Amino acid sequence: MTTCVDSTVKGFVGIGAVMEIVKNAMCGSSPWVSPFFPTRLMHLAVSVSLDRFTTTAAANAEKYAPGADSLKGKVIIITGSSGGLGQEAARVLLHKGAHVIMAVRNVAKGEEILKKIKDEGATGKGTVLLLDLTDLKSVESFAKSFERMKLPCHVLMNNAGIMMPPTEVLSKQGYESQFAVNHLSSFYLTKLLEKTILSSGTVEEPARVVYVASEATEFWSGPGGGEGLAEQVPPKRAYHPFHNYCLSKACNVLTAKEQQRLWGPNATAIAVAIHPGLIKTNLLANAGKIEGAFYGWPFWYAQKSVPQGAATQVYAAIAKDIVAEVRGGEYYYWNSKAQKPWVQDNYTDEICKEVWDRTLALVNKK
């Protein structure tokens with residue numbers, strides 16, 4: 001009974017936190033908040049209504065890579081694979097025979113997770129390597145460790161992320177932590193491994209980079225007026241947990257689209273961003289009051305399980321149909337199919353290029 005009451009209270013508290021953002025949007029009192037936030041929130045509430053009935057990562061793996069050991073010989077890097085969606089993606093792909101590189105902050109925990117998966121009977125090989133996305137130097141060290149293994153990279157799954165620390169936390173290089181972990185370090189890791197990724201695929205069977213983004217991209221206010229992206233990449237506005245998160249995830253989508261444009265339709269690799277859905281993991285463990293809205297009863301009707309949440313990133317990693325679609329202009333996937341961001345004006349080629357150029361300048365000066 002106590003648990004039920006606590007959950008109900010957390011739900012109402014969470015609604016209050018969301019309504020505070022809505023109030024800011026309607027009053028125009030926060031530069032982070034798009035005036036269209038209330039409309040976008042309603043759109044989200046409706047669009048996710050049937051998400052809890054979608055397929056799982058294991059079902060997608062069997063559909064697009066049927067049979068035991070069907071991915072034997074494939075090398076797949078998954079960041080943040082010692083928990084949540086990354087762990088499930090690693091588990092499913094190891095059961096298909098892939099060699100999964102588990103890039104994690106806690107190596108001991110990663111080794112424990114890997115052992116559990118292997119004890120289930122997974123036939124793939126697993127390797128656990130240290131990667132701390134709050135430090136660009138750790139990103140460099142990981143890339144060097146991987147290169148010393150002399151392995152190809154058929155899939156890089158930029159899965160790791162953090163969500164809404166209640167107060168601003170800075171990375172080792174002094175960037176807001178959500179921007180650093182969710183965007184900057186993933187961008188840098190991909191850049192460092194780009195040569196290996198491109199050499200691992202063919203035009204017919206390209207390697208893949210998968211950015212795990214979020215429906216939170218729909219709440220990004222866009223480049224805005226005045227200084228525009230100059231005050232967002234990197235973030236210079238007053239810290240707001242929710243809107244800093246939305247910005248970082250929008251950057252994932254912008255990066256995927258621009259990376260694919262730069263590579264072009266005849267490259268030996270493709271890049272794509274995905275939205276996994278609303279999944280109750282530990283991602284919101286430190287987010288404060290707003291956790292009760294998205295992980296509580298207000299969105300219960302739309303919450304996916306972890307196996308369902310990992311489905312789209314597994315789809316993006318192995319499905320053959322996606323290759324022609326991405327080369328034809330698709331760049332964002334949700335529920336294992338191509339979708340268009342609701343606010344497409346935020347993802348023009350010009351905006352994508354500016355975010356790319358600004359991010360590249362940041363990693364070059366580290």
- Any residue in the stretch 69-86 that is in a helix (DSSP H, G or I) and modelled with pLDDT of 95 or more? yes
- Item | Single residue of the stretch 229-274 satisfying the filter (among the basic types (K, R) and at pLDDT 95 or above) that is nearest to R52 (Cα to Cα) | K249
- Message: Considering only residues that are touching a Lys or Arg at 6+ places or on another chain (Cβ under 8 Å) and either part of a loop (DSSP other than H, G, I, E, B) or of a type in the set (D, E) (or both), which ones fall in the stretch 32-54?
- Response: W32, S34, D51, T54
- Kindly check whether there is at least one residue in the stretch 88-107 that is surrounded by fewer than 24 Cβ atoms within 10 Å (Cβ to Cβ), part of a helix (DSSP H, G or I) and free of Cβ contacts under 8 Å to residues at least 24 places away in the same chain. yes
- Report yes if some residue within the stretch 141-164 is at pLDDT 95 or above, part of a strand (DSSP E or B) and exposed (fewer than 15 other Cβ atoms within 10 Å of the Cβ); otherwise report no. no
- Task: Quick one: count up the residues across the stretch 253-264 that are surrounded by 22 or more Cβ atoms within 10 Å (Cβ to Cβ) and either within 23 Å of P38 (Cα to Cα) or of a type in the set (A, V, I, L, M, F, W, C) (or both).
- Result: 3
- Could you please give the count of residues in the stretch 111-140 that are touching a helix residue (DSSP H, G or I) at 6+ places or on another chain (Cβ under 9 Å), more than 17 Å from H95 (Cβ to Cβ) and in a helix (DSSP H, G or I)? 4
- Residues A25, A17, A89: which one is modelled with pLDDT of 90 or more and among the small types (G, A, S)? A89
- Select, from G226, G277, G222, the only residue that is modelled with pLDDT under 95 and under 30 Å from F53 (Cβ atoms). G277
- Across (1) in a loop (DSSP other than H, G, I, E, B); (2) within 20 Å of G83 (Cα to Cα); (3) touching a helix residue (DSSP H, G or I) at 6+ places or on another chain (Cβ under 6 Å); (4) modelled with pLDDT of 95 or more, N182 clears everything bar (1)
- Please verify whether the stretch 189-197 includes one or more residues that are of a type in the set (K, R), in contact with a helix residue (DSSP H, G or I) (Cβ under 9 Å, 6 or more places away or on another chain) and buried (at least 20 other Cβ atoms within 10 Å of the Cβ). no
- Message: Out of the residues in the stretch 47-68 meeting the condition of being within 17 Å of Y333 (Cβ to Cβ) and either at pLDDT below 90 or touching a strand residue (DSSP E or B) at 6+ places or on another chain (Cβ under 7 Å) (or both), tell me which one is surrounded by the most Cβ atoms within 10 Å (Cβ to Cβ).
- Response: D51
- Task: Look at H95 and say whether it is modelled with pLDDT of 95 or more, closer than 11 Å to G126 by Cα and touching a helix residue (DSSP H, G or I) at 6+ places or on another chain (Cβ under 8 Å).
- Result: yes
- Message: Among the residues in the stretch 222-232, are any under 21 Å from V181 (Cβ atoms) and either in contact (Cβ under 8 Å) with a residue 40 or more places away in the chain or buried (at least 23 other Cβ atoms within 10 Å of the Cβ) (or both)?
- Response: yes
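The values are calculated or read from the model by the stated rules, or taken from the named source; none is laboratory data. Treat the numbers as computed from the prediction; the structure is a model and nothing was measured. Note: ideal-geometry Cβ built from the backbone for every residue, glycine included; neighbour counts use all protein chains shown.
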